[in-house]
Each structure stands twice: as structure tokens, then as C-alpha cells.
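Everything below concerns the one structure shown next.
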Amino acid sequence: IIEFFKQRICNVYIDLGIRSEVVDGVLASGFDNISDAYRRAQAVMNFVNHPDFAKLIAGFNRVVNLAAKAAQNTIDPALHNETQEKALYRCYLATAEKVQQACAAHDYFAACLNLAGLQEPIDNFFDALMVMVDDTVVRNNRLALLKNISELYLSLADWRQIKANEIL
């Protein structure tokens, strides 16, 4: 039954001018509140034309695959020994708060803008550090950080379903 409702919602949103890949991506993040999901779909649809859309996708793509390897969500900041690791963690915390505030205000476009801001610290993290280090505790902590960041992105939409070259 849920799949039936999801398909009906998808068709309505497409009829209202939202691209199918945007609808699929947004609905993958949940549609318990249909009008709220529509607001997210509208915001994502508008954001794909924004210059920072590429930043959002680049940041998401760098974290999502490794994040899937995380065995836990718990991050221990005391294990962050590297500057880029500490910077990414601080940026994640600040961004998560801003995204939660934006979502609470139903300002999903602002939430997208905030997510795009993660790209630079994510790039710095990956450029300076290896995630899959021999030290299991450090590796698991880094993976947990990436998993939390990935979940933050996925709270708005499954960005894997939204291809920039199909939209731009």
C-alpha cells in the first residue's frame, strides 16, 4: 500500500512540474508529510539550477560510499588528531544545526545551501587524510563522521538519484 501511495504522490508532483529524478530522490528521504515532501521537492528542484548544486553533489559523492562501510554512528571527537579532521567535524556540527533550523522553518533551499558548504572541508579532509587506516579505532571514528555527514545529506534527498547532467 505504501508503494501505491508513493507512486501516486510521485505522479502528482511530476504533474506539478517537479522532475521525476528529483521526486524520486526526495521521496527516498521520506514522505510521511506529503505537503512537506512537496516543499522539499520544490526546493531541490530550484537548487539544481543554483551554482552551488555542483558543490553539494561533489561533497555528497565523496562521503556516501565510504559512509556505507561505517559500523557505527558514534563519533569520538577526542580521536580527531588531524587539523582537517577536526575542521570537518566542527563544520559538520555547525551545518547540522543550520540544516535542522532551516528544515524546522521549512526553508529547504537554505538547507541545501548549507549542505553545499560542506564540500570544501570534505575535500580538505580527503586530500589530507586516509580514512581506511590500519588503526581500527581511528578508521571507525572517521567512518562514523562520514556516516553522520551522509545521513545529513540524505535527510533532504537521496542525491544519488539526482544527476546534474540530466538537469542542468
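For region 122-139, the criterion of being open to solvent by 20 Å² or more (accessible area, probe 1.4 Å), of a type in the set (S, T, N, Q), in contact (Cβ under 8 Å) with a residue 40 or more places away in the chain and in contact with a helix residue (DSSP H, G or I) (Cβ under 7 Å, 6 or more places away or on another chain) is met by at least one residue.
When region 55-101 is filtered for residues that are assigned to a helix (DSSP H, G or I) and of a type in the set (Lys, Arg), the ones remaining, listed by number, are LYS55, ARG62, LYS86, ARG90, LYS98. Scanning region 53-74 for residues that are open to solvent by 40 Å² or more (accessible area, probe 1.4 Å) and touching a helix residue (DSSP H, G or I) at 6+ places or on another chain (Cβ under 7 Å) yields a total of 8. Applying the condition of being open to solvent by 30 Å² or more (accessible area, probe 1.4 Å) and not in a helix (DSSP H, G or I) to region 102-121 and asking which residue is farthest from SER29 (Cα to Cα) yields GLY117.
Each row is one residue, and each column tells you yes or no for (1) under 20 Å from GLY117 (Cβ atoms); (2) not charged (D, E, K, R).
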site	(1), (2)
ARG19	no, no
PHE31	no, yes
ILE34	no, yes
PRO51	yes, yes
VAL63	yes, yes
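When region 140-160 is filtered for residues that are of a type in the set (A, V, I, L, M, F, W, C) and either buried (at least 19 other Cβ atoms within 10 Å of the Cβ) or on the phi > 0 side of the Ramachandran plot (or both), the ones remaining, listed by number, are LEU143, ALA144, LEU145, LEU146, ILE149, LEU152, LEU156, ALA157, TRP159.
The values are calculated or read from the model by the stated rules, or taken from the named source; none is laboratory data. None of these values were measured; they are calculated from a predicted model. So basically every Cβ, Gly included, is an ideal-geometry build from the backbone, and we count neighbours across all protein chains shown. For accessibility, only protein heavy atoms count, side chains too; no ligands or nucleic acids. Shrake-Rupley method; radii C 1.70, N 1.55, O 1.52, S 1.80 Å.
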